[in-house]
Amino acid sequence: MDFDLIVVGGGSGGVRAARMAATYGAKVAVIEADRVGGTCVIRGCIPKKLFVYAARFSEIFEIAGSYGWTVDAQFDWPTLVANKDKEIARLEAAYEAAVEKPGGTIIRDRAIVTGPNSVRLQKAGREITGRYLLIATGGHPYVPSLPGCELGITSNEAFHLKQLPHSILIDGGGYVAAEFATIFAGLGVHTTVVYRGRGMLRGFDEDLRAGFDAGLEARGVRRIYETTIRKLEKSGDDIVAHFSDGVDAPFGAVMFATGRRANTGGLGLEAAGVALNPDGSVPVDNYSRTNVPSIYAVGDVTGRLQLTPLAVREGWYVAETLFNNNPMMSVDLSLVGTAVFAEPEVATIGLSEADAATHGDIDVYVARFRPMLNTLSPVPERMLMKLITEANDGRVLGLHILGPGAAELVQIAAIPMGMGARKADFDRAMAMHPTAGEELVTFKSPSYRYRGGVKV
Ligand SMILES: Cc1cc2nc3c(=O)[nH]c(=O)nc-3n(C[C@H](O)[C@H](O)[C@H](O)COP(=O)(O)OP(=O)(O)OC[C@H]3O[C@@H](n4cnc5c(N)ncnc54)[C@H](O)[C@@H]3O)c2cc1C
């Protein structure tokens, strides 16, 4: 064998697995067809959050006057894109170093799996062999095949627009649609969301969804629900969207944020005997192993939760299992925090109120308050915090936050929740004043309860 481990895909999961395996002395190759760093670094979490920061300045400027400031703000899109690109290049180099420093090799090519232990390098036209293969090829944006769909962009292109459109239509209801809606709106683009469902962020706690929807309204983001795009047509510089309700409207740009699909097309997995799910993702066992014993898969390509920290953790565990004589099972998904870095920010961990109520008797603590930063300003928006506990022993089952710093708060609360914390443990923590987080440790009595599945 040429290598102990061949990793296909140099994204979050692949790079972590390669780095750890190389650290444990394995001979490792990472094959990357595009840029090392993958979705998260090159066209996902990182550039997205940098854009979110850019968009948030407009809200800061809005309230600055209440604090005595006069701001004459101008925004220059090319400056943001150029500075973002510089930071992404820096991170890309750091990811390359993470593989190469401990002795791994990066091969810049497209890989096609040819057997349980072999991979063909498309450009180089040669085959390499490995004791184990790790498929970490991630996913790509799914675009519905409707007439004119090629006129639309996806999140991939949104990071490289030459100029900001005057208006944009975003098709989708998930976190990518939500985040880009507030990025574009914050940067002054007239933004409309069209979604086939009844509201965005399906699966999140209903109060968060309602609060988020109100936040979009307050920011002038138009939402068209229970509607789809039938076709797109070019009209001068604009794109006309024909909606399922019979309405037509022109937009400067149209973005599809309609989900993602696993990168398994043309990868050769079936020929190597690897079973695939109907949606193209790769089913794996608790150790991230496919049905072919020498082939493992981690990250988005497995169709589990599509989050960077999970891909990283799964990659690390595969390296532990194969090269550190330390078999590690995949992650407990029941307490994985997740955030929507939109405006207002949304973060959540554990069970939603609706789900928790079906599991047993629960107490629900809700706080709604104006974040202190807003109090001098006319901005009426409120922050929402919801803590859900088991009625009998007070175990904290879910935490849902909408408002500034939501993700940071939920990240920290994930620690006690992972330890099985109860309401009494939260109560024992001394409040830090004045903070938003102190609300979490000063809840007195439940706002309402569920007994036998009924709200009382
Ligand atoms: C807009 C956006 C925002 C996001 N924001 C967040 C966020 O805030 N927080 C969060 O946790 N997650 C976020 N995600 C999700 C996160 O980016 C992914 O979960 C994560 O990158 C998955 O890592 P991965 O290793 O599975 O795949 P990827 O990072 O996608 O890496 C796969 C790599 O494989 C390469 N590849 C594919 N096929 C081949 C082949 N045949 N040969 C060689 N190389 C190949 C690709 O070029 C790519 O570099 C976001 C995603 C998007 C799209």
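Sort out which residues of region 315-330 are among the small types (Gly, Ala, Ser) and either buried (at least 24 other Cβ atoms within 10 Å of the Cβ) or on the phi > 0 side of the Ramachandran plot (or both), and write them in order of number. Reasoning before the result, please.
Residues of region 315-330 that are among the small types (Gly, Ala, Ser), as a first pass: 315, 319, 330.
Result: GLY315, ALA319.
Which residue is farthest from ARG260 (Cα to Cα), if the candidates are limited to region 48-67 and must be near the ligand (Cβ under 10 Å from one of its atoms) and among the basic types (Lys, Arg)? Break it down stepwise before answering.
To start, the set of residues in region 48-67 that are near the ligand (Cβ under 10 Å from one of its atoms) comprises 48-49, 51-52.
From the residues that got through so far, the ones that are among the basic types (Lys, Arg) too are 48-49.
Details: LYS48: 16, LYS49: 19 Å.
Ranking the qualifying residues of region 48-67, first place goes to LYS49.
With respect to SER155, is the statement that it is touching a residue at least 12 places away in the same chain (Cβ under 8 Å), within 15 Å of the ligand (Cβ to nearest atom) and over 29 Å from ASN291 (Cβ atoms) true?
The answer is yes for SER155.
Tell me which residues, restricted to region 30-47, are within 6 Å of the ligand (Cβ to nearest atom) and either more than 13 Å from PHE159 (Cβ to Cβ) or among the basic types (Lys, Arg) (or both). Break it down into steps so the answer makes sense when it comes.
Quick first cut of region 30-47, residues within 6 Å of the ligand (Cβ to nearest atom) only: 31-34, 38-40, 44-45.
Across region 30-47, the qualifying residues are ILE31, GLU32, ALA33, ASP34, GLY38.
Residues ARG19, ARG56: which one is charged (D, E, K, R) and crowded, with 18+ Cβ neighbours inside 10 Å?
Numbers: ARG56 fails: crowded, with 18+ Cβ neighbours inside 10 Å.
When all the criteria are applied, what remains is ARG19.
Anything in region 314-354 that is charged (D, E, K, R) and without any contact (Cβ under 8 Å) to a residue 40 or more places away in the chain? List them, or say none.
From region 314-354, those charged (D, E, K, R) are 314, 320, 332, 343, 345, 353; that's our starting set.
Within region 314-354, just ASP332 meets the criteria.
For a quick check of your reading of the model, give me the residue pairs whose first member lies in region 89-101 and is outside any helix (DSSP H, G or I), whose second is modelled with pLDDT of 95 or more, with beta-carbon atoms closer than 9 Å and at least 6 apart or on different chains.
Within 9 Å, the pairs are LYS101/ARG19; LYS101/ALA22.
Does at least one position in region 336-343 carry a residue that is at pLDDT 95 or above, within 15 Å of the ligand (Cβ to nearest atom), among the hydrophobic types (A, V, I, L, M, F, W, C) and over 22 Å from GLY11 (Cα atoms)?
Yes, that holds for at least one residue.
Of the numbered conditions (1) within 18 Å of VAL41 (Cβ to Cβ); (2) away from the ligand (no atom under 14 Å from the Cβ), HIS160 satisfies every one except a single condition; which is it?
(2)
Being closer than 16 Å to ARG222 by Cβ and assigned to a loop (DSSP other than H, G, I, E, B) is the filter here, so list the residues in region 154-186 that pass it. Let's see the steps before the verdict.
So the first thing to find is which residues in region 154-186 are closer than 16 Å to ARG222 by Cβ, and the list is 165-173, 177-178, 180-186.
Answer for region 154-186, where residues must be closer than 16 Å to ARG222 by Cβ and assigned to a loop (DSSP other than H, G, I, E, B): PRO165, HIS166, GLY172, GLY173.
Kindly evaluate ARG223 against the criterion of being closer than 28 Å to LYS48 by Cα, assigned to a loop (DSSP other than H, G, I, E, B) and touching a residue at least 24 places away in the same chain (Cβ under 8 Å).
Details: closer than 28 Å to LYS48 by Cα: yes; assigned to a loop (DSSP other than H, G, I, E, B): no; touching a residue at least 24 places away in the same chain (Cβ under 8 Å): yes.
Spelling it out, it is not the case that ARG223 is closer than 28 Å to LYS48 by Cα, assigned to a loop (DSSP other than H, G, I, E, B) and touching a residue at least 24 places away in the same chain (Cβ under 8 Å).
Could you run through region 324-361 and say how many residues are within 17 Å of ARG304 (Cα to Cα), part of a strand (DSSP E or B) and among the hydrophobic types (A, V, I, L, M, F, W, C)?
Adding up the residues that qualify gives 2.
So for region 68-78 (the condition being within 11 Å of the ligand (Cβ to nearest atom) and either out of contact with any Gly (no Cβ under 6 Å at 6 or more places or on another chain) or within 30 Å of THR114 (Cβ to Cβ) (or both)), does at least one residue qualify? Outline the logic, then answer.
Restricting attention to region 68-78, the residues satisfying the condition of being within 11 Å of the ligand (Cβ to nearest atom) are none.
Looking through region 68-78, none of the residues is within 11 Å of the ligand (Cβ to nearest atom) and either out of contact with any Gly (no Cβ under 6 Å at 6 or more places or on another chain) or within 30 Å of THR114 (Cβ to Cβ) (or both).
Counting just the residues of region 7-29 that are closer than 18 Å to GLU127 by Cα and more than 7 Å from the ligand (Cβ to nearest atom), which one comes out farthest from the chain's Cα centre (by Cα)? Break it down into steps so the answer makes sense when it comes.
Going residue by residue through region 7-29, those that are closer than 18 Å to GLU127 by Cα are 7-9, 27-29.
Then drop every residue that is not more than 7 Å from the ligand (Cβ to nearest atom), which leaves 7, 27-29.
Numbers: VAL7: 23, LYS27: 32, VAL28: 28, ALA29: 27 Å.
That would be LYS27.
Taking the options VAL254, VAL312, VAL274, name whichever one is more than 28 Å from GLU157 (Cβ to Cβ) and surrounded by 17 or more Cβ atoms within 10 Å (Cβ to Cβ).
VAL274
Within region 1-53, take every residue that is free of Cβ contacts under 8 Å to residues at least 60 places away in the same chain and in a helix (DSSP H, G or I) and give me the one that is farthest from GLY103 (Cα to Cα).
Restricting to residues being free of Cβ contacts under 8 Å to residues at least 60 places away in the same chain and in a helix (DSSP H, G or I), the top hit is TYR53.
The values are calculated or read from the model by the stated rules, or taken from the named source; none is laboratory data. Keep in mind it's a predicted model, so treat the numbers as computed, not measured. In this analysis, Cβ positions are derived from the backbone assuming ideal geometry, glycine residues included, and neighbour counts consider all displayed protein chains.
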